[in-house]
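Peer 1: Submitted below is the structure of interest, expressed as structure tokens.
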Amino acid sequence: MRAGTTCTSPRSRPWRAPRRVRLPHGLVVVLQPREEVGLTGGAADIVASGILERHEVQAIVGAHVQPLVPAGAVSADGGAVNAAVDEIEINVTGRGGHSAYPHLAVDPIPALCTAVLALQETVRSAVDPLHPVVLTVPQLWGAAASNVVPESAGAVGTLRTMNAEDANLLYERITRTVEGVAAAHGCRGEVVIRRGEPPLVNDPAAAEQARAVLGRLGIPTAPFASCGSDDFATYGHVLRTLMLFVGTGEGTAGPMLHDPRYLPGDDRIRDVARAALAGWLGSVTALTTP
């Protein structure tokens, strides 16, 4: 259908081509692939493609729904608002056997379980308690049958940090803990660390200007930061970055992000659009203000 033509039906208004609007600054819409797929999502692909440089992009803005922010409010804070995330894989090797004769085997399961529990104390004792750190180990595996002592057992989890120095220290401490606990059980322990996304750091000037725009729109703001992670943080290596969190208000009593029951209402589409507009205008102001 050509621009400028109209199409009518008994139940709809005439279709009209959108009018051109002169913007105060160039705008590029980024349709990112592989968002939160694996440890490195599609943001790395976008950065590596060179398309941001070709379009002379200077700042990037995102908006994400967040049930821990009050409904109708938006968080637009400067500084670190999300954590870096790394995948921690633990492997413990012993000697397999029959469950009826455990004395003839070297069971890696007790060593693995002890190591996973010991890592919580390792994290607590290694890092300043004022620095956010979260180690979660939700996946463990061992034998495929109930009457088998497996030769090896393993676990996979994530380490989330806001500070690079804390992360580097914990890589060494986690490895040393697993190897030591495994050795105490007569097993061999190994840790594989897969580096993921960096911390998500909002540009302070863009965040301040975005809050001013939100105020003019009559939208309340609320502080928010978490140890969640997002590959949007990767853009921070090359651009001014601003992620806004749009409140849906379910709080801790309702379903959280990544829960299949979490489904914000359609009215939140408007809230996200207004937040993205405020973020864009705030970033433009920050870029053009001496």
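The values are calculated or read from the model by the stated rules, or taken from the named source; none is laboratory data. Just so you know, these numbers come straight off a predicted model, no measurement behind them. Every residue, glycine as well, gets a Cβ built from its backbone with ideal geometry; the counts of neighbours run over all protein chains shown.
Peer 1: Please state which one of T221, T161, T241, T177 is hydroxyl-bearing (S, T, Y), under 21 Å from T93 (Cα atoms) and modelled with pLDDT of 95 or more.
Peer 2: T177
Peer 1: Okay, moving on. What strands (runs of 3 or more DSSP E), lying completely within segment 179-290, carry at least 2 residues that are charged (D, E, K, R) and over 26 Å from I51 (Cα atoms)?
Peer 2: Counting at least 2 such residues, we get 188-195.
Peer 1: Against the condition touching a residue at least 40 places away in the same chain (Cβ under 8 Å), surrounded by 20 or more Cβ atoms within 10 Å (Cβ to Cβ), in the same structural domain as A76 (by TED's automatic domain parsing) and not in a strand (DSSP E or B), how does L170 come out, does it pass?
Peer 2: No; evaluated as a whole, the condition is false for this residue.
Peer 1: Something else now. Which one of I88, I46, I51 is of a type in the set (V, I, T), out of contact with any helix residue (DSSP H, G or I) (no Cβ under 6 Å at 6 or more places or on another chain), buried (at least 18 other Cβ atoms within 10 Å of the Cβ) and within 30 Å of T288 (Cβ to Cβ)?
Peer 2: From the options I88, I46, I51, the qualifying one is I46.
Peer 1: Of these, H258, H237, which one is surrounded by fewer than 13 Cβ atoms within 10 Å (Cβ to Cβ), free of Cβ contacts under 8 Å to residues at least 40 places away in the same chain and in the same structural domain as G78 (by TED's automatic domain parsing)?
Peer 2: Only one candidate passes the filter, namely H258.
Peer 1: Of everything in segment 258-281, what is in contact with a Pro (Cβ under 7 Å, 6 or more places away or on another chain) and not charged (D, E, K, R)? Give them in sequence order.
Peer 2: Passing the criteria: only Y262.
Peer 1: Name the residue, out of D45, D86, that is under 30 Å from P264 (Cα atoms) and either in a helix (DSSP H, G or I) or basic (K, R) (or both).
Peer 2: D45
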